[in-house]
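These notes concern the structure reproduced below.
The values are calculated or read from the model by the stated rules, or taken from the named source; none is laboratory data. Model, not experiment: these values are computed from the prediction. Every residue, glycine among them, receives a Cβ derived from its backbone with ideal geometry; neighbour counts consider all protein chains shown. For accessibility, only protein heavy atoms count, side chains too; no ligands or nucleic acids. Shrake-Rupley method; radii C 1.70, N 1.55, O 1.52, S 1.80 Å.
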Amino acid sequence: MCERETLKDSLISRFACKEFDSYRDISKLDLDFILEAGRMAPSSFGMEPWKFLVIKNIELKDRLRGVCWNQAQISDCSALVVIVSQIKSVSNKEYYTKIFERRGLSEDMTKAYIKRYEEYISKLPSIPEWVAKQCYIAMDHMLIYASLIGIDSCPIEGFESNRVDEILGLDSVSQKTTLLLPLGYCLKEPTQKRRHSFNEVVSFV
């Protein structure tokens with residue numbers, strides 16, 4: 001297990017990198033480790049409604065930068081992880097049945113879980129928004145584990161979603177770009193992190 005101080009230092013040192021060293025590359029070992037952290041993230045009902053597109057191609061990163069508010073991190077990072085919501089999958093009975101069957105429960109318990117799940121998603125005001133929330137959990141895992149091994153990152157929401165989807169060949173209905181996560185090595189030291197105090201955000205009731 002990691003020491004608390006090691007984890008705490010990682011949380012404090014993690015920051016949104018604005019300038020990546022475009023000449024420094026992440027090793028495959030480190031990149032796979034970060035992606036594995038995303039894969040192992042929790043999700044509601046265990047649906048894992050995400051895909052991770054890893055972009056290292058310079059020309060493609062440059063094209064995406066043009067529809068991502070011209071943010072330099074998009075093209076200068078070592079690897080750009082595109083987190084894609086799998087919107088249609090969670091409503092596909094074959095897909096979610098397999099998810100529940102892999103738990104190894106009895107047939108009756110599996111049917112009960114499926115029934116509960118179907119009732120739940122039928123009442124959701126927006127399935128795309130629900131799926132997007134799960135993708136944020138996966139991104140958070142990648143941010144933290146990247147920091148633990150000294151890899152810098154910058155979570156990005158600012159982009160023209162439909163145009164990113166078009167460039168990546170996504171249909172924006174069954175699959176939708178939700179988040180962009182540039183990874184690499186920062187050119188500058190982070191500024192001091194500012195947060196509300198512990199007592200301002202935590203209450204014991």
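Odds and ends about this structure:
- You will find that of LYS98, LYS176, LYS123, the residue that is in contact with a strand residue (DSSP E or B) (Cβ under 6 Å, 6 or more places away or on another chain), open to solvent by 20 Å² or more (accessible area, probe 1.4 Å) and either of a type in the set (D, E, K, R) or at pLDDT 95 or above (or both) is LYS176 and no other.
- Filtering segment 53-69 to residues that are closer than 11 Å to VAL82 by Cβ and either without any contact (Cβ under 8 Å) to a residue 60 or more places away in the chain or in contact with a Ser or Thr (Cβ under 7 Å, 6 or more places away or on another chain) (or both) leaves VAL54, ILE55, LYS61.
- Members of segment 1-10 that are touching a residue at least 60 places away in the same chain (Cβ under 8 Å) and either surrounded by 13 or more Cβ atoms within 10 Å (Cβ to Cβ) or in contact with a Phe, Trp or Tyr (Cβ under 6 Å, 6 or more places away or on another chain) (or both): LEU7, SER10
- Evaluation of GLU160 against the conditions (1) open to solvent by 60 Å² or more (accessible area, probe 1.4 Å); (2) in contact (Cβ under 8 Å) with a residue 40 or more places away in the chain; (3) touching a Ser or Thr at 6+ places or on another chain (Cβ under 6 Å) shows that the sole unmet condition is (3).
- Filter result for ASP165 (in contact with a strand residue (DSSP E or B) (Cβ under 7 Å, 6 or more places away or on another chain), of a type in the set (D, E, K, R) and either modelled with pLDDT of 95 or more or closer than 16 Å to ARG65 by Cβ (or both)): yes
- Conditions (1) under 13 Å from GLY184 (Cα atoms); (2) part of a helix (DSSP H, G or I); (3) not acidic (Asp, Glu); number of the one not met by ILE99: (1)
- Considering ALA41, ALA37, the condition of being touching a residue at least 40 places away in the same chain (Cβ under 8 Å), within 25 Å of VAL90 (Cα to Cα), open to solvent by less than 60 Å² (accessible area, probe 1.4 Å) and assigned to a loop (DSSP other than H, G, I, E, B) is satisfied by ALA41 alone.
- Of the criteria (1) more than 20 Å from LYS176 (Cβ to Cβ); (2) open to solvent by 30 Å² or more (accessible area, probe 1.4 Å); (3) assigned to a helix (DSSP H, G or I); (4) of a type outside the set (Ser, Thr, Tyr), which one ARG63 fails: (1)
- Exclusive hit being more than 25 Å from GLN73 (Cβ to Cβ) and of a type outside the set (A, V, I, L, M, F, W, C), set GLU101, GLU157: GLU101
- Flag for VAL54 being out of contact with any Cys (no Cβ under 8 Å at 6 or more places or on another chain), surrounded by 14 or more Cβ atoms within 10 Å (Cβ to Cβ) and assigned to a strand (DSSP E or B): yes
- Taking the listed residues SER27, SER22, the one that is open to solvent by less than 60 Å² (accessible area, probe 1.4 Å), under 22 Å from CYS186 (Cβ atoms) and of a type in the set (Gly, Ala, Ser) is SER27, with no other qualifying.
- Residues in segment 104-117 that are part of a helix (DSSP H, G or I) and surrounded by 13 or more Cβ atoms within 10 Å (Cβ to Cβ): THR110, LYS111, ALA112, TYR113, ILE114, TYR117.
- For TRP69, the criteria (1) modelled with pLDDT of 95 or more; (2) under 19 Å from LEU143 (Cα atoms) hold in every case but one, which is (2).
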